[in-house]
Structures are given as structure tokens and as C-alpha cells.
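Below you'll find the structure, written out as C-alpha cells, and then a few comments.
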Amino acid sequence: MKETTMSLLDPKEVSIDCPKCKRKNNRTIGSLKENPVVNCACGNTITVDVRYLVRELTKVDKKLGQIRKDFERAGE
């Protein structure tokens, strides 16, 4: 079974800047997909729009699939 870009990137950390105090809050992509709410130490709550991330990663998966098919055809 082929891994998707989304699952490959789940353990990668991203930095979410707090708009209130500018502190960097690090979370993994996988944890943000499960819970998009980040509670900053300053008390501010940040809600991350992971729908955008998922949409973009889905586009990347489709492109990679097409590239893979193109390479397979070129090797025939």
C-alpha cells in the first residue's frame, strides 16, 4: 500500500505563531489534523485551518501519482 504525502508528513513539526504574543507554538501536522486548536502559553487560543493543508496535500498526492505513472510509461 502506498503512503500518501499526508501520512508521510504527519510527524513533521510546524510552527504556529501566536498573533497576540508572537510566541512560536510547535505542533506536528498529524496532531493538528486531529485537533486544530493550539493553546498558547499566553492564554490565547489559535484555531488552525487544516482544511487548507489537507486540500493542498491532496493536490500534491495527485501530482505525484501522475509523475509516477509518467515514469512507469517512459520505462516501458
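Miscellaneous remarks
- Taking trypsin sites (Lys or Arg not before Pro) across the stretch 7-43, the ones in a DSSP loop with at most 11 further Cβ atoms lying within 10 angstrom of their Cβ are LYS12, LYS22.
- Using only alpha-carbon positions in the chain, the gyration tensor eigenvalues give semi-axes of 35, 10, 10 Å once each is multiplied by 5 and square-rooted (largest first).
- Charged neighbours of LEU53, selected by a Cβ distance under 14 Å, balance to 0 (K, R count +1; D, E count -1).
- Compared with the dominant Cα axis of the chain, that is its longest principal axis, helix 50-74 is turned about 20°.
- 32 Å Cα-Cα threshold exceeded, pairs from LYS22/LYS63; LYS33/LYS69; LYS24/LYS69: LYS22/LYS63; LYS24/LYS69
Every number here is computed from the coordinates shown, using simple stated rules; none is lab data. The shown structure was predicted, so the numbers you read here are calculated from the model rather than taken from an experiment. Neighbour counts run over all protein chains shown; Cβ positions are idealised from the backbone, glycine included.
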